[in-house]
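First up is the structure itself, then whatever we jot down about it.
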2 protein chains.
Amino acid sequence: MAVGQCSFPTMHPVAGITLGTANAGIKQTVRDDILVIQMVEHSSCAAVFTQNAFCAAPVHVAKANLVHSPRWLLINSGNANAGTGEQGMQDALATCADLAEVVDGLAAQVLPFSTGVIGSPLPVGKIKAALREAVSNLDTDNWDKAAQAIMTTDTFPKGVSRVIEIEGQSVAINGISKGAGMIQPNMATMLGFMATDAKIGQALLQNCLALAVEQSFNRITVDGDTSTNDACVLMASGCSLAPEITQGSGNYQIFADAVTAVCKQLAEAIVRDGEGATKLMRIVVEQALTDEEAVRVGKTIAHSPLVKTAFFASDPNWGRILAAVGRAGVENMVLEDVQLYLDDVCIVRNGGRADDYTEEAGQKVMNQEEITVIVKLGRGEAVQEVLTCDLSYEYVKINAEYRT
Amino acid sequence: MAVGQCSFPTMHPVAGITLGTANAGIKQTVRDDILVIQMVEHSSCAAVFTQNAFCAAPVHVAKANLVHSPRWLLINSGNANAGTGEQGMQDALATCADLAEVVDGLAAQVLPFSTGVIGSPLPVGKIKAALREAVSNLDTDNWDKAAQAIMTTDTFPKGVSRVIEIEGQSVAINGISKGAGMIQPNMATMLGFMATDAKIGQALLQNCLALAVEQSFNRITVDGDTSTNDACVLMASGCSLAPEITQGSGNYQIFADAVTAVCKQLAEAIVRDGEGATKLMRIVVEQALTDEEAVRVGKTIAHSPLVKTAFFASDPNWGRILAAVGRAGVENMVLEDVQLYLDDVCIVRNGGRADDYTEEAGQKVMNQEEITVIVKLGRGEAVQEVLTCDLSYEYVKINAEYRT
């Protein structure tokens, strides 16, 4: 199940960034399950990682290696190398060393990422045996294969490709992502890998990524859980002919907006592929005092199992949405000032059902596959959007029966 | 579906407290749906209410009337009188006035409570028409009928009765509760009504209730939602021959412990009757720095849809529990110090699966209907327990199909 059209787009190559995949037989026997991404020398690389206190071993290693001007990413699906203790750390470091040997580079310049089953030892030997093939396949045109190699419970590969113009020169921004939930610890995790040929320093690139992720991946939720392996990387090869992007410049704004747009599309694709999802809900919270307040209200609605099951049933059950707003922990909220819309249908006004609301109008919106819920708090000017999906029988099935 | 034995106990009468029910035909045509509770003059009455910012109309009225030495409670099921705006307030006040007329009392001494569908006008006329019958039935022996009259999606009536001894004199403490989830806004809400014949002042009774609720009703969760109508009341008639219970006395401790025990049993009954529940999970968090931290970790586990679906599937999926602990927002937690047990089976130690753990041992515990999850954080001395149930197909069914 997935909501909407989810075909993989044509990906423009990103000069200086090559990708190679191979089948290591970790869990997959048909599809490739390891991915190597190589950055040309002098690339910048930014990354953000899960806030979960119990990071998986590869997250610890990737965080540490980020300061060593990374040249390679090594990603495997089928095993998260999480909850694996000291052995997991050694295994993550070992795969970095193995790749370094194949590419004749430094292990410290490899960032490792793992996604899949938690608590099983990483099959280091299998990965090592497949590395040479993956490296021999390195090519700028392998974005589709890369997107497939990182899938776990995903039902479709996720990619976005944009070309923007900076001072007359084209700059490409590509991204791929995976994840059918904020977490599926047995098959863990959301991952996002983006690359651009823009020339931009590491510190500025890191700022740019952090802001973009805050507005995109941090605004989606499938089940409210946060993985131990979440990571998002933005590589910049500097191979574009466009001038270097510097802080505070107009060019930076153009670039940052494009990165944010790519992140938003990748994030939306994850929600569309949310486990068991049959509907995509955009929760737009308006007239909040602060952005933080708007996000808090949006996420409280998005996390409510009662709201999510009502959407699964196409039931315009506004009482559940209102109750979620009420328990979001916003101080001094006044019920009479709150308005609630389903798309353009006003359903709540003055503390109760809107006079002009009809069940038919609400039902018509609810029958759609994509629904915008607008909550106007009547307190201020802040607006934020949170994306989520519904809670279906299929969600319970996927997560209850995974290991059987 | 309900977990475990849920038969209604024999309820000792509480001198000075009488209960009367009637059928007002609000939603039920067979079962009684209104309940009047009368307290003898000079009783004390304490109450705590939902923290949801959007309280239902009766909650506003009950809060306001609590200072006027209440003599009567008027409870209806089938309609929550929530999301009903200004009309809802007038309706709640009207029912209080109607009851006051029948009992020849003051409207300000009536506390109203409503539970059921949100957003529909309260059928004031139907309630008024049934009040005389309910009042004519007032009797100390009607606790079973009372427990049935307040049910909505509950599959069984919930009651607890205890008799303690204070200085050689018996003191009865009775309670009834309803609620098949922390919230079902269409059929809203958790309610608890307790009564004792102890003699105790209002302020001390209020303290006693607040502490007991914090340790019981505030430690359970079905779906993480908080209702607009939640309320819990403790009435004390003072008719027992035992001496007045005063602050700081040994008698107070005996009494408060018994009240807490009654609250815990009533709260547990609600979880056992959780929507779609097939398993009861006790999440015990030990070695936390503070109680707040222990509760936070416990609730994060209890709210995780991934943990709940794993339990539904009897899957000892410890990675999901560990990931929930990790995202609970506890600062400086060390994975290597955390231990995880299913009943007495250690499943996680030293940051990974315990050496001596076997899937068979874990599976054996998971196959039980009641499971204790013990998380030892290795940080301090605080211990707290949270009760919850699993997330099943039936939960989705109940909440998706309610209005169809």
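The values are calculated or read from the model by the stated rules, or taken from the named source; none is laboratory data. Quantities reported herein were computed from a predicted structural model and do not represent experimental measurements. Counting neighbours? That spans all protein chains shown, and the Cβs are built from the backbone with ideal geometry, glycine included.
Things worth noting here:
- Just so you know, in segment A:387-404 the residues that are closer than 20 Å to A:Arg219 by Cα and touching a Ser or Thr at 6+ places or on another chain (Cβ under 7 Å) include one that is farthest from the other protein chains (Cβ to nearest Cβ), and it is A:Thr388.
- Single unsatisfied condition, A:Asp390 versus (1) crowded, with 19+ Cβ neighbours inside 10 Å; (2) at pLDDT below 90: (2)
- The residue list B:Thr372, B:Thr309, B:Thr358 contains one member that is closer than 23 Å to A:Glu86 by Cα and of a type outside the set (Gly, Ala, Ser), which is B:Thr358.
- Applying the condition of being part of a loop (DSSP other than H, G, I, E, B) and within 17 Å of A:Asn137 (Cβ to Cβ) to segment A:29-39 and asking which residue is farthest from the chain's Cα centre (by Cα) yields A:Val30.
- Among (1) crowded, with 21+ Cβ neighbours inside 10 Å; (2) within 14 Å of chain B (Cβ to nearest Cβ), the one test that A:Asp33 misses: (2)
- Criterion (touching a strand residue (DSSP E or B) at 6+ places or on another chain (Cβ under 6 Å), within 10 Å of another protein chain (Cβ to nearest Cβ), hydrophobic (A, V, I, L, M, F, W, C) and assigned to a strand (DSSP E or B)) met by exactly one of A:Val373, A:Val348: A:Val348
- Residue selection: B:Gly329 satisfies the criterion of being more than 7 Å from every other protein chain (Cβ to nearest Cβ), within 27 Å of the chain's Cα centre (by Cα), surrounded by fewer than 20 Cβ atoms within 10 Å (Cβ to Cβ) and at positive phi.
- The residues in segment A:297-312 that are over 25 Å from A:Asp355 (Cβ atoms) and either in contact (Cβ under 8 Å) with a residue 40 or more places away in the chain or surrounded by fewer than 22 Cβ atoms within 10 Å (Cβ to Cβ) (or both) can be counted, and the count is 8.
- Residues (on the phi < 0 side of the Ramachandran plot and within 27 Å of the chain's Cα centre (by Cα)) located in segment A:342-364: A:Leu342
- Scanning segment B:59-91 for residues that are over 17 Å from B:Ala129 (Cβ atoms), surrounded by 24 or more Cβ atoms within 10 Å (Cβ to Cβ) and of a type in the set (A, V, I, L, M, F, W, C) returns B:Val59, B:Val61, B:Ala62, B:Trp72, B:Leu73, B:Ala80, B:Ala82.
- So A:Ala294, is it buried (at least 24 other Cβ atoms within 10 Å of the Cβ) and more than 12 Å from chain B (Cβ to nearest Cβ): yes
Rundown of residues vs (1) more than 29 Å from B:Pro316 (Cβ to Cβ); (2) of a type in the set (Ser, Thr, Tyr); (3) in contact (Cβ under 8 Å) with a residue 40 or more places away in the chain, yes/no style:
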{"residue": "A:Val30", "(1), (2), (3)": "yes, no, no"}
{"residue": "A:Val40", "(1), (2), (3)": "yes, no, yes"}
{"residue": "A:Pro58", "(1), (2), (3)": "no, no, yes"}
{"residue": "A:Asn65", "(1), (2), (3)": "yes, no, yes"}
{"residue": "A:Ala92", "(1), (2), (3)": "no, no, no"}
{"residue": "A:Ala108", "(1), (2), (3)": "yes, no, yes"}
{"residue": "A:Ile118", "(1), (2), (3)": "no, no, yes"}
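- Considering segment A:270-331, the qualifying helices (runs of 4 or more DSSP H), each wholly inside and each with 1 or more residues that are at pLDDT below 90 and in contact with a Phe, Trp or Tyr (Cβ under 9 Å, 6 or more places away or on another chain), run over A:305-312, A:318-326.
- Screening the candidates B:Ala47, B:Ala15, B:Ala2 for the property of being crowded, with 24+ Cβ neighbours inside 10 Å and in contact (Cβ under 8 Å) with a residue 12 or more places away in the chain yields one hit, B:Ala47.
Residues are listed down the side, and each one gets a yes or a no for (1) modelled with pLDDT under 95; (2) assigned by TED's automatic domain parsing to the domain that holds A:Met194; (3) more than 26 Å from the chain's Cα centre (by Cα); (4) in a loop (DSSP other than H, G, I, E, B):
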residue	(1), (2), (3), (4)
A:Gly105	no, yes, yes, yes
A:Phe113	yes, yes, no, no
A:Pro121	yes, yes, no, yes
A:Lys126	no, yes, yes, no
A:Ala129	no, yes, yes, no
A:Asp144	no, yes, no, no
A:Asp154	yes, yes, no, yes
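- All positions within segment A:259-291 that are under 16 Å from the mean Cα position of the chain (by Cα), more than 23 Å from A:Val365 (Cα to Cα), surrounded by 19 or more Cβ atoms within 10 Å (Cβ to Cβ) and among the small types (Gly, Ala, Ser): A:Ala267
- Pairs, first under 14 Å from B:Asn207 (Cβ atoms) in segment B:241-267, second exposed (fewer than 13 other Cβ atoms within 10 Å of the Cβ), C-beta under 7 Å, six or more apart: B:Tyr252/B:Thr246
- A:Asp141, sole failed condition from (1) in contact with an Asp or Glu (Cβ under 6 Å, 6 or more places away or on another chain); (2) farther than 22 Å from A:Ala82 by Cβ: (1)
- Qualifying residue in segment A:236-251 (condition: assigned to a helix (DSSP H, G or I), assigned by TED's automatic domain parsing to the domain that holds A:His68, at pLDDT 80 or above and in contact with a strand residue (DSSP E or B) (Cβ under 8 Å, 6 or more places away or on another chain)): yes
- Of all the criteria given as (1) within 14 Å of chain A (Cβ to nearest Cβ); (2) touching a residue at least 40 places away in the same chain (Cβ under 8 Å); (3) not in a strand (DSSP E or B), the one not satisfied by B:Asp355 is (2).
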